[in-house]
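Below is one structure, written out as structure tokens; the observations come after it.
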Amino acid sequence: MWRLTTDRGRQVWEEPTGGLPPAGTPDGDAARAVVAAVDAARVEYAAGRAAQAHAGDRVLRALAAAGLLGCPSGAAAAGAAAAAGGAAGTGGAGGDGGGAADVPRPALRLDAPSAAAGADVDAVLRRGVAYFSTLQMHDGHWAGDYGGPLFLLPGLIIVAYVSGTPLGDATTAEMWTGLNPLTPEMWLLPYALPVHPGRYWIHCRAVYLPMSYLYGRRATYEGDALTAALREELYVERYADISWPALRNRCSPTDTFIDRPVAQKALWAVLSAYEAVPFPGKAALRGRALDETLRHVRAEDANTHYIDIGPVNKTLNMAPSRLRDAVDMLLSYHNPGSGGWATYELTRSYAWVEALNPSEVFGDIMIDYPYVECTSAAVTALLAYRAAPAAVAGPDAATYRAAEVAAAIASGVAFVVRAQRADGSWYGSWGVCFTGGSGTYGEALRAGCAFLASVQRPDGAWGETYESCVTGTYVQAPAGQVVHTAWALASLAKADWPDGAALAAAAAWLSAAQEPSGDWPQQRITGVFNKNCMITYANYRSIFPIWALAEYRHWGERRAAGGGGG
């Protein structure tokens with residue numbers, strides 16, 4: 001039976017040796033319950049994967065239901081749920097609707113705000129919070145599946161397989177000739193140049209870095225019976241007859257999101273010539289470049305306790321702060337030129353560097369652009385700090401870097417306003433998509449709320465598909481989505497949107513979608529990465545409905561007191 005263990009943020013699935021504990025003991029019974037739940041999940045997934053291919057993190061939830069995640073409060077909550085007869089959260093192959101359309105909705109009165117935000121919503125919230133507490137790990141954090149991209153697992157499997165054999169002199173390096181150059185000497189260029197790889201967006205440079213080292217080494221696995229069988233299976237023509245240089249720029253139309261810019265193609269032509277032409281001192285220069293790239297790889301490993309920034313370069317590479325420190329950090333990440341905040345750091349170069357984008361499948365990867373999500377989150381945090389009572393933020397919080405905080409807030413708000421589209425929506429770069437952008441930040445402007453209201457479904461829900469991210473236009477999902485509905489409801493409730501019937505319908509839909517365990521069903525994928533790569537965030541379905549219903553409840557209280565709503 002596989003168990004999830006954690007250490008300083010690192011999460012590892014392990015299979016204990018020695019088989020299951022004896023039957024009839026608490027540990028043995030819990031282990032067998034998990035095995036049965038996982039087997040059932042496999043059967044359900046096999047039967048329904050055509051309709052619901054998105055992962056539901058079922059193994060983690062089976063462990064939680066058995067109280068085996070190591071958190072005492074989570075185990076107690078799981079035991080209480082079991083005693084009450086609640087089933088483990090499934091999140092399985094329920095299709096888009098996840099069963100929500102077939103569940104009778106609670107009788108929420110639309111004409112009485114206290115009733116609309118009252119006992120029924122309280123019960124749903126209690127179930128949701130109680131269930132979510134069962135997913136907490138022993139060190140206090142919540143684990144979650146990070147999936148979606150199909151290139152994560154193959155990289156891990158390949159590296160794990162080949163790392164058993166030392167990388168010696170390349171014996172079958174023909175595959176490298178099928179790649180456009182990843183010349184490590186680029187890392188020796190002066191950092192002042194805007195095209196220095198160190199100025200790229202962190203995910204772009206963190207992947208390019210170890211790949212440059214491997215390319216410069218022409219590191220190649222020697223090959224064995226398994227790789228020979230894979231070559232025969234994966235390629236239509238005979239592997240030995242493939243002309244790899246001719247295939248450098250061939251990419252399936254299905255995978256092509258970005259047509260490589262002319263400048264990128266020209267750069268690769270120059271680098272290809274550089275790789276092919278020998279000259280005095282080239283070997284020494286290559287050695288310096290390999291040393292430099294390896295130094296950066298080792299530095300990231302050491303600085304992150306070998307966790308690394310993401311699963312791709314992790315494979316290739318093999319405490320809360322005080323409020324004032326947080327303010328310093330936020331101000332240090334603010335880009336005065338644009339007024340916005342980027343993802344991991346300051347924007348290091350210029351938008352025209354995107355003309356060197358080497359990837360067909362990702363958009364906007366070359367620099368760390370400012371984003372609506374990051375900017376509004378930073379502005380919200382700075383506003384909260386400025387409004388915090390002295391007992392929380394300190395006696396001089398109101399005057400600490402006051403002018404800089406005020407200027408950052410003003411320019412951040414201006415950035416968000418400029419990013420708003422004519423229909424009132426915002427394009428969400430890190431969640432699918434306009435519901436994610438407008439749903440998180442619609443409270444800033446009435447036009448954002450009006451956009452959300454305009455795309456609400458007749459059943460009270462919201463839902464869009466990942467195609468919104470790719471096409472840049474809102475694409476309605478065929479059925480309501482729990483996460484999208486939660487995003488929209490939270491934003492409208494926070495903004496005191498006057499249409500109480502619309503909010504009550506959304507709350508009723510979310511309440512009806514809740515499973516007996518207190519969890520909500522896993523539906524369509526809701527995370528996105530660089531416009532064209534979708535990401536699994538399995539806990540979104542638990543977190544955001546709780547958040548949204550709590551905001552809805554507060555909205556009802558304000559409305560009943562005459563302080564908001566219509």
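The values are calculated or read from the model by the stated rules, or taken from the named source; none is laboratory data. Quantities reported herein were computed from a predicted structural model and do not represent experimental measurements. Because the Cβ atoms are built from the backbone with ideal geometry, glycine has one as well, and the counts that use them run over all protein chains shown. Remember, those area values only see protein heavy atoms, side chains included, never the ligands or the DNA or RNA. Shrake-Rupley method; radii C 1.70, N 1.55, O 1.52, S 1.80 Å.
Below are the figures for this structure:
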{"quantity": "Test set (1) more than 25 Å from the chain's Cα centre (by Cα); (2) part of a helix (DSSP H, G or I); (3) surrounded by 12 or more Cβ atoms within 10 Å (Cβ to Cβ) - Ala240 fails condition number", "calculated": "(3)"}
{"quantity": "Any helices (runs of 4 or more DSSP H) falling wholly within the range 3-93 and containing at least 2 residues that are at pLDDT 80 or above and open to solvent by less than 50 Å² (accessible area, probe 1.4 Å)", "calculated": "26-48, 58-65"}
{"quantity": "Restricting the range 243-268 to residues that are among the aromatic types (Phe, Trp, Tyr) and part of a helix (DSSP H, G or I), the residue that is surrounded by the most Cβ atoms within 10 Å (Cβ to Cβ)", "calculated": "Trp268"}
{"quantity": "Output for the range 484-537, where each listed residue is assigned to a helix (DSSP H, G or I), in contact with a strand residue (DSSP E or B) (Cβ under 8 Å, 6 or more places away or on another chain) and open to solvent by 10 Å² or more (accessible area, probe 1.4 Å)", "calculated": "Trp487"}
{"quantity": "Qualifying residue in the range 391-409 (condition: over 25 Å from Trp341 (Cα atoms), at pLDDT below 90, among the small types (Gly, Ala, Ser) and more than 21 Å from the chain's Cα centre (by Cα))", "calculated": "yes"}
{"quantity": "Candidates Leu294, Leu271, filtered to the one that is touching a helix residue (DSSP H, G or I) at 6+ places or on another chain (Cβ under 6 Å), of a type outside the set (Lys, Arg) and either part of a helix (DSSP H, G or I) or open to solvent by 80 Å² or more (accessible area, probe 1.4 Å) (or both)", "calculated": "Leu294"}
{"quantity": "Gly437 being under 22 Å from Gly148 (Cβ atoms), assigned to a helix (DSSP H, G or I) and either touching a Gly at 6+ places or on another chain (Cβ under 6 Å) or open to solvent by 40 Å² or more (accessible area, probe 1.4 Å) (or both)", "calculated": "yes"}
{"quantity": "Test: residue in the range 558-566 that is open to solvent by less than 10 Å² (accessible area, probe 1.4 Å) and not charged (D, E, K, R)", "calculated": "no"}
{"quantity": "Selection within the range 275-290 - within 40 Å of the chain's Cα centre (by Cα) and either loosely packed, with under 10 Cβ neighbours inside 10 Å or farther than 12 Å from Gly216 by Cα (or both)", "calculated": "Ala276"}
{"quantity": "Positions within the range 197-219 being open to solvent by less than 30 Å² (accessible area, probe 1.4 Å), more than 27 Å from the chain's Cα centre (by Cα) and not aromatic (Phe, Trp, Tyr), in sequence order", "calculated": "Gly216, Ala219"}
{"quantity": "The one condition in (1) out of contact with any strand residue (DSSP E or B) (no Cβ under 7 Å at 6 or more places or on another chain); (2) under 30 Å from Cys251 (Cβ atoms) that Ser429 fails to fulfil", "calculated": "(1)"}
{"quantity": "Residues of the range 538-557 classified as open to solvent by 10 Å² or more (accessible area, probe 1.4 Å) and assigned to a helix (DSSP H, G or I), total", "calculated": "10"}
{"quantity": "Leu346 vs. criteria surrounded by fewer than 19 Cβ atoms within 10 Å (Cβ to Cβ) and either touching a Gly at 6+ places or on another chain (Cβ under 6 Å) or part of a helix (DSSP H, G or I) (or both)", "calculated": "no"}
{"quantity": "Count of the range 396-406 residues which are open to solvent by 60 Å² or more (accessible area, probe 1.4 Å) and part of a helix (DSSP H, G or I)", "calculated": "2"}
{"quantity": "Single residue of the range 177-196 satisfying the filter (open to solvent by 50 Å² or more (accessible area, probe 1.4 Å) and among the hydroxyl-bearing types (Ser, Thr, Tyr)) that is farthest from Glu292 (Cα to Cα)", "calculated": "Thr177"}
{"quantity": "Exclusive hit being of a type outside the set (Ser, Thr, Tyr), at pLDDT below 95 and surrounded by fewer than 18 Cβ atoms within 10 Å (Cβ to Cβ), set Gly448, Gly472", "calculated": "Gly472"}
{"quantity": "Selection status of Gly155, open to solvent by 20 Å² or more (accessible area, probe 1.4 Å), at pLDDT below 90 and assigned to a loop (DSSP other than H, G, I, E, B)", "calculated": "no"}
{"quantity": "Matching residues, the range 375-395, being open to solvent by 30 Å² or more (accessible area, probe 1.4 Å) and within 22 Å of Trp430 (Cβ to Cβ)", "calculated": "Ala377, Thr380, Ala381, Leu383, Ala384"}
